[in-house]
Amino acid sequence: MAGASTSSGAKAAFVLIGKRLASSLLTLLLVSVTIFVIAQLLPGDAAQEALGQSATVEQVAALRHEMGLDRPAPVRYISWLGGMVSGDPGQSLVANMPVSEVISSRLPNSLLLAALTALVAVPVALAIGIGSAMNRGGRIDRALNITTLSMVAVPEFLVATIAVLIFSVKLRWLPSIALVSDEMSWGDYLRGAAMPILCLSIVVIAQMARMTRAAVIDQMDRPYVEMAVLKGVAPVQVVLKHIMPNAIAPIVNAMALSLSYLLGGAVIVETIFNYPGLASLMVNAVTSRDMPLLQACAMIFCAAYLILMLIADVTAILANPRLRAQ
Amino acid sequence: MTQAFHVEVKDLRVTARNARGEAFPIVSDIDFALKRGEVLALIGESGSGKTTIALTLLGHARPGATIAGGSIRVGDADITQLDAKALAQLRGNRIAYIAQSAASAFNPSRTIMDQVVEPALIHDLMLRDKAEAKAVELFRALALPFPDTIGSRYPHQLSGGQLQRLMAAMALITDPELVILDEPTTALDVTTQIEVLRAFKAVVLERGATAIYVSHDLAVVAQMADQIVVLQQGRIREAGAADQVLHRPAGDYTKTLMAAARPAIRPAPMRIDVPAAPLLEIRGVTAGYGRIGKDGLPRVPVLRDINLTIERGGTLGVIGESGSGKSTIARVIAGLLPPATGQVLLDGEPLPPGLKGRSREQFRRVQLVFQNADTALNPAHSVGQILERPLAFYAGLKGNAAHMRVLELMDLIRLPVSLIDRNIGGLSGGQKQRVNLARALAADPQLILCDEVTSALDTVVGAAILDLMADLRRELGIATMFISHDISTVRAICDDILVLYSGTMVEMGPRAAFQSAPFHPYTDLLIGSVPEMRAGWLEESHAGRKPPLIGASGEHPDLCRFLPRCAARVDGLCNVTPPPRHPLGKADGMSSHILCHHGDESLIPS
């Protein structure tokens with residue numbers, strides 16, 4: 001009977017995850033509508049931008065017709081969405097090359113930066129959060145609290161500027177600009193990306209550590225934790241074996257929220273260090289009215305956000321035996 | 001072992017810190033000693049320090065408290081001198097703990113087996129497969145269902161009584177020399193409690209472990225203890241052999257406790273025979289949760305075919321286990337849950353089923369008193385604010401008139417006027433429950449629905465609330481529906497009693513019908529499960545024994561719902577034909593109606 005209940009439970013969990021997946025796709029579709037509509041609301045269009053102030057109305061209209069900008073909005077939306085799905089988000093109006101090519105030169109850089117930052121930030125945040133929860137009210141907890149609070153409060157351009165002052169200007173350890181090219185060795189890359197990673201880490205570590213601490217403390221006063229202590233379980237094991245399975249869902253949720261910032265929110269850090277990432281590309285697309293590029297970038301950021309949220313929700317479903325096995 | 005005593009506690013003192021950081025004692029001057037294999041009971045009300053003392057034997061003090069002095073010896077271990085590492089070595093190994101609420105003391109995210117074998121694994125006492133085999137053996141000894149597979153389940157899939165027994169298995173897996181049982185049956189229904197007590201007695205106590213049993217219930221303790229220590233406000237009031245304390249108590253406090261444990265009969269006011277319509281009538285109500293299906297039943301039916309009346313000024317007791325639907329009746333009457341079928345009539349007038357159609361006047365006449373005053377009253381409001389609100393809402397009273405009425409109400413619930421400006425958070429549990437009652441009375445209702453109003457209170461405080469309610473009934477003539485899981489309380493204060501089982505009325509009749517057999521088999525189980533204050537009751541009681549074997553049940557939806565647990569079930573009748581509702585003999589005016597195949601003769605216990 002236990003086996004039967006487990007397999008029907010697994011089925012229930014699959015149904016739940018399937019529903020969650022479907023709602024993510026629906027959200028993404030709605031997001032695409034929103035992005036498209038907002039892009040239409042921005043003043044001016046690419047034809048005007050390309051021809052400049054001196055162009056006549058006829059010239060602009062002709063270019064619009066050539067670019068397909070005079071078709072009705074729903075038609076343009078459908079053809080754009082179809083292009084997105086098939087991997088061809090159109091032609092960049094400014095760079096005069098396919099959007100997919102522009103993005104493929106930048107996206108790997110952004111993903112690499114985000115991945116390395118996550119690799120540094122997640123373990124540190126977990127350690128800080130769990131450590132201060134275990135010493136709740138103690139000196140270590142208060143010290144870590146002050147540290148994370150000030151990390152949250154300091155804006156990242158300040159962190160970046162101070163880091164440049166210390167590591168590039170005074171110590172001359174690291175380059176102040178992150179040059180990235182295909183021929184670079186891993187060591188060179190890491191040297192170049194060290195400061196962007198540091199600055200991004202400081203912001204997300206503080207957020208994640210505080211959420212982790214809150215999630216662990218929320219569980220600490222539960223009777224089952226006292227029971228574990230009275231069974232003779234060692235303090236570290238109480239946290240890892242008893243508290244973590246119950247705290248993992250809120251922690252992963254907080255981490256997903258923080259990490260989603262690493263792609264789209266990295267614009268300041270990318271700009272300061274001149275790192276060729278996706279966020280600064282998107283800002284350029286806005287200033288140059290390059291709608292196809294802008295829309296594609298926005299869709300990538302939204303999709304990344306939804307994927308992270310999906311991972312968080314699936315973790316929550318799998319971590320909860322009430323949802324996993326009924 | 002050369003020492004005369006196995007466990008010795010001397011001069012124990014535990015302190016806590018108040019808001020200003022000053023230490024104050026919560027437990028002091030505690031001395032007791034017990035021999036190997038003995039059971040000592042710590043008895044007291046909430047706040048008496050019984051759990052605090054029990055936890056010190058594990059070297060544990062709850063956050064904010066410290067073991068400040070005295071000595072605790074268990075075998076050769078001097079508990080107060082050990083460091084954290086040495087204590088962890090003892091806990092769950094030589095000294096085991098069984099927590100009050102197993103439902104929350106098990107980790108919700110891990111399987112039962114993982115948690116049951118954990119003490120054996122962390123203390124390196126045995127390998128996992130051997131520990132699991134031993135666990136299954138214990139499950140079997142504790143009479144748990146499906147002992148071979150129950151370990152692969154999660155806590156939310158099991159009932160409270162099962163979890164409590166599984167917690168005993170977790171404690172016993174290491175063969176501890178001392179077991180601490182902290183109110184292990186308090187959260188359970190009486191019918192479950194008797195099963196768990198039997199399992200504990202058979203398995204925990206008969207393995208020769210020394211035990212400390214914490215409880216507020218003298219009758220439960222009478223079944224388990226050799227010695228009893230009575231505590232009040234952190235000090236020992238009386239200590240001695242169980243027999244002496246129970247039957248020849250020396251201390252006044254012990255006598256008060258004993259008196260509160262046996263509810264006094266509170267005589268009902270004489271009923272005036274007015275041929276008027278009953279105050280409240282429920283006709284054929286079926287109710288539940290979820291969408292209503294084609295058959296007219298909700299997806300999760302809770303109540304089926306409920307018919308009852310409450311006379312003006314009368315008291316109806318509704319009794320049943322948790323999940324029997326007793327609170328749902330109150331919710332249907334109050335309009336919180338519209339019934340799927342049937343009607344509720346107040347003074348002969350049908351009440352609109354939901355909250356929406358009801359007039360303010362109809363709301364005023366029926367008031368609900370919730371079980372838990374802590375959550376029902378806004379802790380940020382003062383007593384005066386809480387009582388003035390219904391006065392303004394229903395009667396339009398303001399200013400001085402409202403204040404005068406508040407003073408009257410305070411007098412009615414026997415609370416000093418000085419508490420009017422006090423915040424709810426600053427009141428004791430009993431005082432809060434009085435305010436909760438006064439809030440309902442402020443509306444000047446004709447009927448109050450009391451949902452387990454004394455369950456969260458200590459026996460002595462609860463008894464005072466019951467006295468107050470009896471007085472109010474006499475003075476104000478308000479009809480009461482009294483919902484409880486405790487049949488002795490209901491028998492003591494109600495004119496009529498309704499017994500619910502799984503949402504169906506199994507027995508209904510006047511109080512007199514519930515004083516002696518015959519009863520419906522379920523009523524019989526309820527009454528027989530209430531522990532009596534004498535040693536040996538647990539062994540003699542026939543309640544909760546295995547029912548006779550019968551064949552498979554038929555498909556009929558109206559078959560007796562109590563069938564799976566009924567000790568009087570008859571093969572070929574109960575599992576095939578739905579039971580009829582019929583009067584149960586007894587003298588005039590004393591007969592109750594039961595839903596059962598049995599008649600008078602076959603229900604008198606042999």
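The values are calculated or read from the model by the stated rules, or taken from the named source; none is laboratory data. Computed from a prediction, not measured in an experiment: that's the story for all the values here. Heads up, the Cβs are rebuilt from the backbone with ideal geometry, glycines too, and the neighbour counts pull from every protein chain shown. Ligands, DNA and RNA are excluded from the accessible area calculation, which covers all protein heavy atoms including side chains. Shrake-Rupley method; radii C 1.70, N 1.55, O 1.52, S 1.80 Å.
Data table
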| quantity | calculated |
| --- | --- |
| Residues satisfying the stated conditions in segment B:411-466, i.e. β-branched (Val, Ile, Thr) and under 24 Å from B:Tyr394 (Cα atoms) | B:Ile413, B:Val417, B:Ile420, B:Ile424, B:Val435, B:Ile448, B:Val453 |
| Output for segment B:369-393, where each listed residue is surrounded by fewer than 20 Cβ atoms within 10 Å (Cβ to Cβ), more than 28 Å from the chain's Cα centre (by Cα) and of a type in the set (D, E, K, R) | B:Arg389 |
| Candidate set from segment A:93-133 (those that are hydroxyl-bearing (Ser, Thr, Tyr) and open to solvent by 50 Å² or more (accessible area, probe 1.4 Å)); member that is nearest to A:Ile300 (Cα to Cα) | A:Ser104 |
| When residues of segment A:240-271 are limited to those that are touching a Pro at 6+ places or on another chain (Cβ under 9 Å) and not charged (D, E, K, R), the one most open to solvent (accessible area, probe 1.4 Å) | A:Ile268 |
| Looking only at segment B:408-426, and only at residues there that are of a type in the set (A, V, I, L, M) and open to solvent by less than 50 Å² (accessible area, probe 1.4 Å), the one that is farthest from B:Asp471 (Cα to Cα) | B:Ile424 |
| Long-range neighbours under 6 Å by Cβ, at least six apart or interchain, first residue under 19 Å from B:Asp471 (Cα atoms) within segment B:300-329, second assigned to a loop (DSSP other than H, G, I, E, B) | B:Ile310/B:Leu279; B:Glu311/B:Pro278; B:Arg312/B:Leu279; B:Gly313/B:Gly477; B:Gly314/B:Asp495; B:Thr315/B:Cys494; B:Thr315/B:Asp495; B:Gly317/B:Cys494 |
| Candidate set: segment B:412-445, residues that are free of Cβ contacts under 8 Å to residues at least 24 places away in the same chain and of a type outside the set (S, T, N, Q); chosen: the one farthest from B:Thr459 (Cα to Cα) | B:Val417 |
| Test: residue in segment B:439-457 that is assigned to a helix (DSSP H, G or I), within 22 Å of B:Glu388 (Cβ to Cβ) and open to solvent by 40 Å² or more (accessible area, probe 1.4 Å) | yes |
| Odd one out for B:Asp114, checked against (1) closer than 16 Å to B:Pro176 by Cβ; (2) more than 8 Å from chain A (Cβ to nearest Cβ); (3) assigned to a helix (DSSP H, G or I) | (1) |
| Looking only at segment A:272-285, and only at residues there that are crowded, with 17+ Cβ neighbours inside 10 Å and part of a helix (DSSP H, G or I), the one that is farthest from the other protein chains (Cβ to nearest Cβ) | A:Ala285 |
| Test: residue in segment B:183-200 that is within 14 Å of chain A (Cβ to nearest Cβ), touching a helix residue (DSSP H, G or I) at 6+ places or on another chain (Cβ under 7 Å) and over 19 Å from B:Ala103 (Cβ atoms) | no |
| Residue match in segment B:94-110 (condition: in contact with a Phe, Trp or Tyr (Cβ under 9 Å, 6 or more places away or on another chain) and more than 8 Å from chain A (Cβ to nearest Cβ)) | yes |
| Every residue from segment B:111-131 that is open to solvent by 40 Å² or more (accessible area, probe 1.4 Å), closer than 22 Å to A:Pro245 by Cα and acidic (Asp, Glu) | B:Asp114 |
| Counted residues, segment A:47-72 - those being over 17 Å from A:Arg289 (Cα atoms), open to solvent by less than 90 Å² (accessible area, probe 1.4 Å) and within 35 Å of the chain's Cα centre (by Cα) | 1 |
| Cross-chain or 6+ apart pairs with Cβ under 8 Å, segment A:236-257 first and at negative phi and facing another protein chain (nearest Cβ under 9 Å), then of a type in the set (Val, Ile, Thr) and open to solvent by 30 Å² or more (accessible area, probe 1.4 Å) | A:Gln237/B:Ile122; A:Ile248/A:Thr315 |
| Those strands (runs of 3 or more DSSP E) lying entirely in segment B:276-339 with at least 2 residues open to solvent by 10 Å² or more (accessible area, probe 1.4 Å) and within 18 Å of B:Leu368 (Cα to Cα) | none |
| Boolean, A:Phe167 is touching a Leu at 6+ places or on another chain (Cβ under 6 Å) and either open to solvent by less than 50 Å² (accessible area, probe 1.4 Å) or aromatic (Phe, Trp, Tyr) (or both) | yes |
| Hey, B:Arg534 outside any helix (DSSP H, G or I), open to solvent by 10 Å² or more (accessible area, probe 1.4 Å) and either under 19 Å from B:Arg434 (Cα atoms) or not hydroxyl-bearing (Ser, Thr, Tyr) (or both) or not | yes |
| Test: B:Asp217 is among the charged types (D, E, K, R) and closer than 22 Å to B:Glu38 by Cβ | yes |
| Total residues in segment A:134-157, condition over 21 Å from the mean Cα position of the chain (by Cα) and open to solvent by less than 80 Å² (accessible area, probe 1.4 Å) | 10 |
| Residue pairs meeting the criteria (Cβ under 7 Å; at least 6 apart or on separate chains; first without any contact (Cβ under 8 Å) to a residue 12 or more places away in the chain and more than 10 Å from chain A (Cβ to nearest Cβ), in segment B:135-158; second in a helix (DSSP H, G or I) and open to solvent by less than 50 Å² (accessible area, probe 1.4 Å)) | B:Pro147/B:Val136; B:Pro147/B:Phe139 |
| Strands (runs of 3 or more DSSP E) wholly inside segment B:470-524 containing at least 3 residues that are closer than 17 Å to B:Asn307 by Cβ, free of Cβ contacts under 8 Å to residues at least 60 places away in the same chain and open to solvent by 20 Å² or more (accessible area, probe 1.4 Å) | none |
| Residue check, A:Leu230 within 14 Å of chain B (Cβ to nearest Cβ) and either farther than 18 Å from A:Ala319 by Cβ or polar (S, T, N, Q) (or both) | yes |
| Failed condition for B:Gly551, given (1) open to solvent by 70 Å² or more (accessible area, probe 1.4 Å); (2) assigned to a loop (DSSP other than H, G, I, E, B) | (1) |
| Count - residues of segment B:84-107 that are in contact (Cβ under 8 Å) with a residue 12 or more places away in the chain, surrounded by fewer than 22 Cβ atoms within 10 Å (Cβ to Cβ) and of a type in the set (Ser, Thr, Tyr) | 1 |
| Any hit, segment B:123-131, residues being more than 18 Å from A:Arg222 (Cα to Cα) and assigned to a strand (DSSP E or B) | no |
| Among (1) crowded, with 20+ Cβ neighbours inside 10 Å; (2) within 11 Å of chain A (Cβ to nearest Cβ), the one test that B:Ser48 misses | (2) |
| Conditions (1) in contact with a Gly (Cβ under 6 Å, 6 or more places away or on another chain); (2) at the interface with chain A (Cβ under 8 Å from one of its Cβ atoms): number failed by B:Gln89 | (1) |
